[in-house]
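Worksheet: one structure, shown below.
The values are calculated or read from the model by the stated rules, or taken from the named source; none is laboratory data. Please read all numbers here as calculations on a predicted model, not as lab measurements. Here the Cβ positions follow ideal geometry from the backbone for every residue, glycine too, while neighbour counts run over all protein chains shown.
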Amino acid sequence: MNFQEPISGLVERIARALERLAPPSPRKPDFDRAEAFIWQADPEAFLPVAAVNRVPLSLLKGIDRMRDVLFDNTVRFAQGLPANNALLWGARGTGKSSLVKAVHAAVSREGSATAGSLNLVEIHREDIGTLPRLLAHLHETKGKRFILFCDDLSFETRDTSYKSLKAVLEGGVEGRPEHVIFYATSSRRHLMPREMLENERSTAINPSEGIDETVSLSDRFGLWIGFHNCSQDEYLDMVRGYAAHYRLPIEDEVLTREALAWATGRGARSGRVAFQYIQDVAGRLGVRLEGQR
């Protein structure tokens, strides 16, 4: 060190060194780059999705009531009217996440929202604790409306990040921004494992307060939309709808027989199973599926 150096010069050099060590300020997100994004928590960024993995809303069979409820809620939100956060819960493979993505596309592209104004932002389950930071970015964004989407949301024993989600949904001082709505899918109606709910009840001073603390998370969602395993007829309608949409050259009798055998082999009937069968058929027939789920 040069002990003859003036104090002011030394301070300036230290300041420059600290600037180089400090992490760069996050860039202001450009939400015009795409219609869908994935939130990256570290370093903070909104990653644009060039092609969203989804199917047209018309191909989602056997969930008409669920479709209409979510679609109407999303239309109201896109138009700046009051709308509810939504929890889509129920059996796996029944079209919950497919419905969210399809509804976003339908509302965004069919005139229910101003062109380019409705963005879909996916946040991964493990990043739920960073929701306040995500919202801090969206607070500054003008002229856009956002559907925050978390797929397969659930919380395990000793997981306390659900408290942050509760505050973000409705309970915080600031509350949810007017131009943001939260949609989540889950196999659990109350988002918690049964043993966690029972443990809250058994260890609380007042058992009813313990259970209210955990169940109240799902109460923050104004819409509960339940999904259940489909019937055989609904399953076959899904298969036929996919086959017609992708113009698969296969006779209905063969399609029906194979689709039922496929479902028996999987031990389930659902939209996911139907599409997996269609992928198998398309592969055998040498047909490419455009815009796969």
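Only one entry in Leu169, Leu134, Leu165 is within 28 Å of Arg33 (Cβ to Cβ) and at pLDDT 85 or above, namely Leu134.
Look at (1) surrounded by fewer than 21 Cβ atoms within 10 Å (Cβ to Cβ); (2) assigned to a helix (DSSP H, G or I); (3) not β-branched (Val, Ile, Thr) and you find that Ser108 fails only one, number (1).
Is there a residue in segment 67-75 that is among the hydroxyl-bearing types (Ser, Thr, Tyr) and in contact with a Gly (Cβ under 9 Å, 6 or more places away or on another chain)?
Within segment 67-75, not a single residue is among the hydroxyl-bearing types (Ser, Thr, Tyr) and in contact with a Gly (Cβ under 9 Å, 6 or more places away or on another chain).
Please go through segment 257-271 and pick out each residue that is surrounded by fewer than 17 Cβ atoms within 10 Å (Cβ to Cβ) and either within 25 Å of the chain's Cα centre (by Cα) or over 17 Å from Gly62 (Cα atoms) (or both). Within segment 257-271, Arg257, Glu258, Ala261, Thr264, Gly265, Arg266, Gly267, Ala268 qualify. Could you check segment 134-156 and list, in sequence order, the residues that are more than 17 Å from the chain's Cα centre (by Cα) and either aliphatic (A, V, I, L, M) or surrounded by 14 or more Cβ atoms within 10 Å (Cβ to Cβ) (or both)? Passing the criteria: Ala136, His137, Thr141, Lys144. Across segment 50-90, the qualifying residues are those that are out of contact with any Asp or Glu (no Cβ under 6 Å at 6 or more places or on another chain), basic (Lys, Arg) and under 17 Å from Gly271 (Cβ atoms), and the one among them that is modelled with the lowest pLDDT is Arg54.
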